[in-house]
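Enquirer: Below you'll find the structure I mean.
The values are calculated or read from the model by the stated rules, or taken from the named source; none is laboratory data. Everything numeric in this text was worked out from a predicted model, so none of it was measured. Quick reminder, even Gly has a Cβ in these numbers, built from the backbone with ideal geometry, and neighbours come from all protein chains shown. Accessible surface is based on the protein model in full, side chains and every heavy atom, while ligands, DNA and RNA are left aside. Shrake-Rupley method; radii C 1.70, N 1.55, O 1.52, S 1.80 Å.
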Amino acid sequence: MSASLLHYRQKWLTLRSAGFVALTSLAISAMALPVERVQAQSLNDRLAGSNPSGQRSRMLVDAREIVYDRDNDRVTALGDVQLHYQGKVLEADKVTYDRKSKRVYAEGNAKLTDTDGTKTYGSRFDLTDDFRDGFIDSLRVESSNQTRFAAPRAERTDGETTVFERGTFTSCKACEENPERPPLWQVKAARIIHRNSERRVYYENATLEFWGIPVAYFPFFSAPDPTVRNASGILAPRIISREKLGRGFGLPLFWSIAPNYDLLFTPTYFGKQGLHADVVWRHRLQTGSYNIRVNGINQQAPREFSLLPYAGAGLRRFRGSIETRGKFYLNEKWTVGWDAAWATDKHYYTDYKTKPQSLSQLFYNEQISQVYLRGRGQRSWFDLTGYHFYGLTSLDWQKQIETVGPSFDYDRRFNPDQVGGELRVNFNGAAIRREAAQFQALPLVTNPTYLPGTLLYTTTAGGTYQPCVYGVNGVRLGAYRPGQCLLRGFAGEYVRSSVDVSWRRQFIDPIGQEWTPFVSLRADAAWLHQNLSGFNAPDPAQQGFVGAGYGNANQANFLGGNADNFLFRPMPTVGVEYRYPFIALTSWGSHHIEPIAQLVVRPNEMRIGKLPNEDAQSLVFDDNSIFSSNRFSGYDRIEGGTRLNYGGRYTFRSNGAFFASLLVGQSRQMFGRNSFAAYDLANTGRNSGLETRRSDVVTAATIQPFANFSVTARGRFDERTYGLRRADISATASLGRVSLTAAYSRISAQPEIGYPFRREGLHLTSSVQLPYNFYVAGSVLYDMDRYLTDRVTAATFNQTYSGSPWRVAATTFGFGYRDECTDLSLLYSRSIDGQLINTGAGLLPSNKVTSTFMVRLVLRELLEGQTTYKPDKKR
């Protein structure tokens, strides 16, 4: 403390005798009246304790007045007193130190701030001189994470155990307008015991109150103190009811073995199936972490599930799964990890809702296991990953699903000084293996609404597959031929390696035009071994049809009859991109107009349909790909021929929050063969809007009238009639307490890639913040094209379908309350599984309705849990 500040405070001191000393700091170096220097040393010796090393810890005292009572051997500090000792601060209107008993008494607005930020309030403190032990009257404790204890009286002993007599605990703030009003919730107990060494709080004869009304009584319970993140104990129970499982009750048991590893064991008893056990082990190490999960059940009633091998687990009694996930940092640039799962059968995850971490939250379609090594530099990245895909739907036959081991990616960017611009080097490779070929029948040209997929064959191993031989009244109308069937996946082994070297540089001429020339050279080398034998179906005549049956040999109609092929495909590319941006500034905003043109020159694509297409079957032609030199999504296809891409962009920004933009573009095949018009094994490019010499017109528009509302629309229009081929519209709005989002998509029929009907859907979500921290939220998903499929399916069985296009696929509704100490939510969800299943009469939607009710209650730092009720229904 500076001498000037000391002089200012001394104006307020009263010197009552030679034994009274005026101090603002009891540190030896502080200034004081010379005659009283000995007394200062004496008081400091009395108040200073000993630290663990045996050395003195200095106590600093700041007060308006200090009074020394020789008769009673007491020192009293008066007026805005602050005592600083070993990181703790004691504040009060009056602090008295009794040298005989070595106790400190604080009265009037007393507050003790601990080293961790915890604040303890009381009307009177009776403490030892090191603040470790003592009594506190009218106690109130506020921790650094905003939890609160209170009691008429509390005692602290041995520096680690605090007993609150008739205490209360809550994490809710007191009402500012009426502090005496009970909080939203609190725990009242005859005694609350906090053991600091155990980091645990014990409650005796406790009641849980909401708004001061008791709702539950507990003779005894304990909970981790607010500083603990993980603690052993019983977690919130699970209440479950499902048609095939019966009513179930699960009680999770958590064991925090050490700060870096723990175990969660959840036994669940189902009324129909018996005991289901689930164990999760988590372990964090110095360079990463991993977890292992094992669960299973010995079913008591396996006949509750479908006995058909493609629809259920049959008579299997033991069912279960194992999964593990890990990630480790080798250094700051390299990571290695894995995410793997295995199950006794593909229906286990759906039947028991034991979702692996790699599955989406709503749908159980595919489980992906992977092992990877990844690295990232400032201008480079590396990825080496092996994949295993496990199909989970009734239509998946595992032998038709590929195994990728491994997939390799490397990308490096340079800035060469000699030519400027950016030089990019990219390497990619993959090795793929599949046992059985995967075919998909196409709609007939003479009857595009005919659904060949309503016919299935079943293998003896329980797999189901779609044949390409189909017909009516025993007459074969289709066969395993290009144009009538797609080869989604070949049978055999396929290894491909690709290298792509590209360069581009931007030039801006004196009048502001942007010229970006680019060149690239890509080379693909592939080895293909076809498996042309095995997996022949029963005699199709037994199925009512005439013609060749299913088998790997049929893929020779697509890839040729040679079992082994080594293929090479080069692709040089030269091009230039032109932009000429214009900017106009007005009093009410800025206008940005930019014409864009791109010319790409290259030879024709080679070996279309002679190489498998595994990673490039998805193609979306929109504003994001209009100015891309290669629009295929993977490496198995590469765009060829000379193309001219052209369009323009307009953007307006007002001086306020208004924003609008519009992009219009089109592509034209100038010379050479159109890669999108050619037929490959999956017909990628057909019905994409790029298969004609002049492509469809793509547009994208965004309008934002104000900061919290925007609409974005993307469209693709027929190049001759300008009829709508595809539309994607999204909107978001936040209007005060109301938030709304909407997403709509419509895609015209694409029969040449297996979609005979248009696809259409609408998703709406909303939330409303109500007064007093309440809220409501909901969503609805419309499947607006399913009625087209259902109508044709009904006609196949001489039935009449009268359903509405506005078919609700999923809905959710939630209501809740959330503040600083409480989170209560009630959620209802309902979904209809439209997955196609083999019913024996054909391939039909399951229409399985799943309704879920969930209640979640979080009392911060005390309770967090949820109860779920999931009845199964079939419509």
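Enquirer: For the stretch 571-658, what does the convex hull of the Cα positions come to per residue, in cubic angstrom?
Expert: Here the figure is 100 Å³ per residue.
Enquirer: A follow-up question, please. Answer rounded, prolate or oblate for the stretch 308-419, using the Cα gyration tensor with square roots of eigenvalues a ≥ b ≥ c: rounded when a/c is under 1.5, else prolate when a/b is larger than b/c, else oblate.
Expert: Here the stretch 308-419 falls in the prolate category.
Enquirer: Could you pull out the GluC sites (Glu not before Pro) across the stretch 111-190 that fall in loop regions by DSSP (anything but H, G, I, E, B) with no more than 13 other Cβ atoms inside 10 Å?
Expert: In loop regions of the stretch 111-190 (DSSP not H, G, I, E or B), the sparsely surrounded GluC sites (Glu not before Pro) are 160, 176, 177, 180.
Enquirer: Can I ask one more? Residue 227 to residue 580: FRET efficiency via 1/(1 + (r/R0)^6), r the Cβ-Cβ distance, R0 60 Å, to the nearest 0.05?
Expert: 0.45
Enquirer: Right, something else. In nanometres, what is the gap between the two model label sites at residue 199 and residue 654, each 7 Å from Cα along Cα-to-Cβ?
Expert: Placing both labels 7 Å along Cα→Cβ, they lie 5.5 nm apart.
Enquirer: Then there's this: Sorting check: for 117-124, 719-726, which peptide has the highest mean count of neighbouring beta carbons within 10 Å, and how do the rest follow?
Expert: 117-124, 719-726
Enquirer: Label residue 521 and residue 157 with points 7 Å out from Cα along Cα→Cβ: what is the distance between them in nm?
Expert: Distance between the two pseudo-spin positions: 8.6 nm.
Enquirer: Let me check against my output: what whole-number percent is the relative contact order of the stretch 213-342, with C-alpha pairs under 8 Å and at least 6 apart?
Expert: The value is 14 percent.
Enquirer: Taking only protein heavy atoms and a 1.4 Å probe, what accessible area per residue, in Å², does the stretch 222-311 have with all protein chains in place?
Expert: Accessible area per residue: 53 Å².
Enquirer: Further question on the same structure: Order these peptides, 699-705, 780-786, by their mean beta-carbon neighbour count within 10 angstrom, highest first.
Expert: Listed from highest to lowest mean packing, they are 780-786, 699-705.
Enquirer: Output the direction-averaged projected area (hull surface divided by four) of the convex hull of the alpha-carbon atoms of the stretch 672-750, in nm².
Expert: If you wrap the Cα atoms of the stretch 672-750 in a convex hull and average its projections, you get 7.1 nm².
Enquirer: Okay, moving on. I need the calculated FRET efficiency for the pair residue 279 and residue 817, taking r as the beta carbon distance and R₀ as 35 Å, to the nearest 0.05.
Expert: 0.50
Enquirer: Quick one: net charge around residue 780, please, counting Lys, Arg +1 and Asp, Glu -1 for every other residue with C-beta under 13 Å from its C-beta.
Expert: It works out to a net charge of +1.
Enquirer: Is the shape of the stretch 717-798 best called rounded, prolate or oblate, per the rule: a/c under 1.5 gives rounded, else a/b larger than b/c gives prolate, else oblate, with a ≥ b ≥ c the square roots of the Cα gyration tensor eigenvalues?
Expert: Oblate is the answer for the stretch 717-798, as a/c is 1.5 or above yet b/c matches or exceeds a/b.
Enquirer: Heavy atoms only, probe 1.4 Å: what % of the accessible area of the stretch 620-679 goes to carbon and sulfur, would you let me know?
Expert: The value for the stretch 620-679 is 57 percent carbon and sulfur by accessible area.
Enquirer: Another question, if that's okay. Taking every pair of distinct Cα atoms and averaging 1/r, then inverting, what Kirkwood hydrodynamic radius in Å comes out for the stretch 273-332?
Expert: 14.0
Enquirer: Based only on Cα atoms, what Rg/Rh ratio does the stretch 653-692 have, Rh being taken as Kirkwood's radius?
Expert: When Rh is taken as the Kirkwood radius, the ratio is 1.35.
Enquirer: Just in the stretch 248-339: which trypsin sites (Lys or Arg not before Pro) are loop by DSSP and have at most 16 other Cβ atoms within 10 Å?
Expert: Answer in residue order: 272, 316, 317, 333.
Enquirer: Assign one of three labels to the stretch 129-252, namely rounded, prolate or oblate, based on the Cα gyration tensor with a ≥ b ≥ c the square roots of its eigenvalues; rounded applies when a/c is under 1.5, prolate when it is not and a/b is larger than b/c, and oblate otherwise.
Expert: In terms of gyration-tensor shape, prolate.
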